[in-house]
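S.K.: Pasting a structure here, questions to come.
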Amino acid sequence: LDHMMQHKVPTLTAILQLVQDVEIRPSSILFYPVFDTFSSIVDDEEQHVVGSVSIVFSWDTLLNRILPDYIKGMICVLQSSTGQEFSYSISGDTVMLLGEGDQHNPKYDKYGRHVKAKLLLEGKEKMTTYQLHMYPSQEFEKQYVTNRASIYASGAVLIFL
């Protein structure tokens with residue numbers, strides 16, 4: 001909340017555990033400032049934060065919506081700038097927490113995709129930011145690496161013999 005009050009910008013917390021979740025379920029809270037006046041009426045410097053709108057979410061719910069349902073076998077590693085790291089397996093519409101740390105298979109490093117989410121404020125201290133690293137897994141590879149091409153090629157050769 002301190003960053004939201006000081007910089008007058010939305011702020012995302014570090015990864016935390018919600019009290020209502022019995023099992024480990026990494027979550028965060030987005031705090032969005034409510035001002036005493038509209039920015040179109042006064043300068044931004046004259047605005048004062050008088051409250052906040054809080055959006056509480058669990059990361060597995062968010063990750064459930066980032067890939068189409070037909071994609072199976074992706075490993076997602078969520079990393080915060082505070083050093084927290086959690087790995088998830090995404091298969092279709094199922095998201096499963098694998099645990100703390102980066103648990104993807106290094107064999108798939110070269111196929112990884114990385115997304116950074118951060119708020120840039122010139123001259124301000126760094127706030128909590130997140131990176132999402134996505135990697136295929138053996139389950140994903142099995143869906144797309146088959147011997148069908150060699151079977152079809154063999155069949156085409158046999159037709160001409």
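S.K.: Just one of (1) open to solvent by 50 Å² or more (accessible area, probe 1.4 Å); (2) over 30 Å from Val95 (Cβ atoms); (3) of a type outside the set (Phe, Trp, Tyr) trips up Val49, so point out which.
M.R.: Every listed condition holds for Val49 apart from (1).
S.K.: Of all residues being among the charged types (D, E, K, R) and either at pLDDT 90 or above or under 22 Å from Ser28 (Cα atoms) (or both) in the stretch 52-77, which is most open to solvent (accessible area, probe 1.4 Å)? Just the residue, please. Spell out how you get there, then give the answer.
M.R.: Step one: of the stretch 52-77, the residues among the charged types (D, E, K, R) are 60, 65, 69, 72.
Applying the additional criterion that residues be either at pLDDT 90 or above or under 22 Å from Ser28 (Cα atoms) (or both) yields 60, 65, 72.
On the way: Asp60: 37, Arg65: 176, Lys72: 81 Å².
For the stretch 52-77, the residue satisfying everything is Arg65.
S.K.: Further question on the same structure: Can you confirm whether Thr146 is polar (S, T, N, Q) and modelled with pLDDT under 90?
M.R.: Judged against the criteria, Thr146 is a match.
S.K.: Checking the structure you have, find out if any residue of the stretch 89-112 is in contact with a Gly (Cβ under 7 Å, 6 or more places away or on another chain), surrounded by 11 or more Cβ atoms within 10 Å (Cβ to Cβ) and either touching a residue at least 60 places away in the same chain (Cβ under 8 Å) or within 30 Å of Tyr144 (Cα to Cα) (or both).
M.R.: Yes: one or more hits.
S.K.: Considering only the stretch 101-133, how many residues are at pLDDT 95 or above and of a type in the set (A, V, I, L, M)?
M.R.: So the count comes out to 0.
S.K.: Among (1) in contact with a helix residue (DSSP H, G or I) (Cβ under 9 Å, 6 or more places away or on another chain); (2) open to solvent by 80 Å² or more (accessible area, probe 1.4 Å), which single condition is Met5 missing?
M.R.: It is condition (1) that Met5 fails.
S.K.: Oh, and also: Restricting to the stretch 67-88, name every residue that is out of contact with any helix residue (DSSP H, G or I) (no Cβ under 6 Å at 6 or more places or on another chain) and without any contact (Cβ under 8 Å) to a residue 40 or more places away in the chain.
M.R.: Leu67, Pro68, Asp69, Tyr70, Gly83, Glu85, Ser87, listed by residue number.
The values are calculated or read from the model by the stated rules, or taken from the named source; none is laboratory data. Since we're looking at a predicted model, the values are computed, not measured. Neighbour counts run over all protein chains shown; Cβ positions are idealised from the backbone, glycine included. The area values use the complete protein model at the heavy-atom level, side chains included, leaving out ligands, DNA and RNA. Shrake-Rupley method; radii C 1.70, N 1.55, O 1.52, S 1.80 Å.
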